[in-house]
Amino acid sequence: MNYCFQLLPHANIRYQESLEQLGRAELSCMLSALGIEAQVCTERLGGAPFLCFDAPELNAEDLAALSGHSALTFLCLREGALLRPLERPDGDYLPRDLAEVLKYKGKTSAVFTRMLINLALCAAGRLGKEQPITVLDPLCGRGTTCFVALQAGMNAVGLDLDRRDLKEAADYFSRYLQFHRLKHRLDQNACTVKGQNVPNAVYTLACSKERYQAGDTRFLRLMLGDTALAGPLLKKTPADVLVADLPYGVQHAPQAGRRADHVAGMLRRVLPAWREALRPGAGVALSFNALTLDRQALIGLLAEAGYEPMDAPPYGSMRHFVEQAVSRDVVVARRA
């Protein structure tokens, strides 16, 4: 059977090319994780971009998992010269505006973020598995990764040292919950880890009042502190996947009173702590600027810190243009 996935359109031709390249790699990874052997190709059907592949008839579980593809807009079967629409399972837990409304300079797109989560799920063998899964972003900024995870029905944990960014994320999420009249509870506290005080804000919520009363809830945990504290902070509740958009510049902002550090130096310091925050076999997806951080150097740092990098195709074909000073790439790994 010939399956066709229509991709999101983009007005910028260079971004459209990147979207198709990344979409093809993502779908290939998802099919491989589900044990489906298929070659994915890009075609223009009616002038629109589609990802197409031949495979035996997919069952409902596989279709539901593949429907979580970050850039999918329309799912169909090709029968001769015709396309037959397939019912796309609705995998949304919260309204789709959650990750889109908050705008700020340098924000990573929700589509790209969802792709990173999907890649990490593939690496962990958790794609299509029963929810809830916990996603950790140890450099969360204003929370895009956390909001994308929550929208998909996952738990989310965000850690960052920038008080202003975390406050903006928390204020936005509080307003969002009130606007959509979502039943929730907010618990605020602080804990001391390695002599550092780490404030916590934990939102417990559900997509409906009935689910909240039944205890079918999700949580968002926002923590203000050094990313190197991720291990002890999540020791009792480790995450299933880790997703991070690494700093694009040569240097990373100061951490825990230190001077600005090179990104590679920061990673050498924090990768062991991130590993402690994950369950064995957890998936990791890191995006980075290939102009300031060498891919093979990052793979070496991950291996040195106890991760298993996944660099064979289709995981090694994701470098793409963002802007003149940023050529973004992705490395996927598994916690050993």
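The values are calculated or read from the model by the stated rules, or taken from the named source; none is laboratory data. Please read these numbers as outputs of a predicted model, since none were measured by experiment. Cβ coordinates were reconstructed from backbone atoms using ideal geometry, including for glycine residues, and neighbour counts include every protein chain displayed.
Within segment 166-207, restricting attention to residues that are hydroxyl-bearing (Ser, Thr, Tyr) and within 21 Å of the chain's Cα centre (by Cα), the residue that is surrounded by the most Cβ atoms within 10 Å (Cβ to Cβ) is Tyr203. Scanning segment 163-193 for residues that are in contact (Cβ under 8 Å) with a residue 40 or more places away in the chain and either in contact with a Lys or Arg (Cβ under 8 Å, 6 or more places away or on another chain) or not basic (Lys, Arg) (or both) turns up Leu166, Glu168, Ala169, Ala170, Tyr172, Phe173, Tyr176, His180, Leu182, Cys191, Val193.
Scanning segment 208-234 for residues that are within 21 Å of the chain's Cα centre (by Cα) and at pLDDT below 95 yields nothing. Could you please find all residues in segment 208-217 being of a type outside the set (D, E, K, R) and surrounded by 14 or more Cβ atoms within 10 Å (Cβ to Cβ)? Matches in segment 208-217: Tyr212, Thr217.
Residues in segment 23-50 that are farther than 20 Å from Gly128 by Cα and touching a residue at least 40 places away in the same chain (Cβ under 8 Å): Leu45, Ala48, Pro49, Phe50. Restricted to segment 125-151, and to residues there that are in contact with a Lys or Arg (Cβ under 7 Å, 6 or more places away or on another chain) and in a loop (DSSP other than H, G, I, E, B), the residue that is surrounded by the most Cβ atoms within 10 Å (Cβ to Cβ) is Ile133. Residues of segment 40-57 include none that is under 18 Å from Ile117 (Cβ atoms), not basic (Lys, Arg) and not assigned by TED's automatic domain parsing to the domain that holds Gly153. Here Leu119 meets each of (1) under 19 Å from Ala285 (Cα atoms); (2) modelled with pLDDT under 95; (3) among the hydrophobic types (A, V, I, L, M, F, W, C) with one exception, condition (2). Counting only helices (runs of 4 or more DSSP H) that sit completely within segment 204-323, those holding 2 or more residues that are closer than 21 Å to Gly141 by Cα and without any contact (Cβ under 8 Å) to a residue 40 or more places away in the chain correspond to 263-276.
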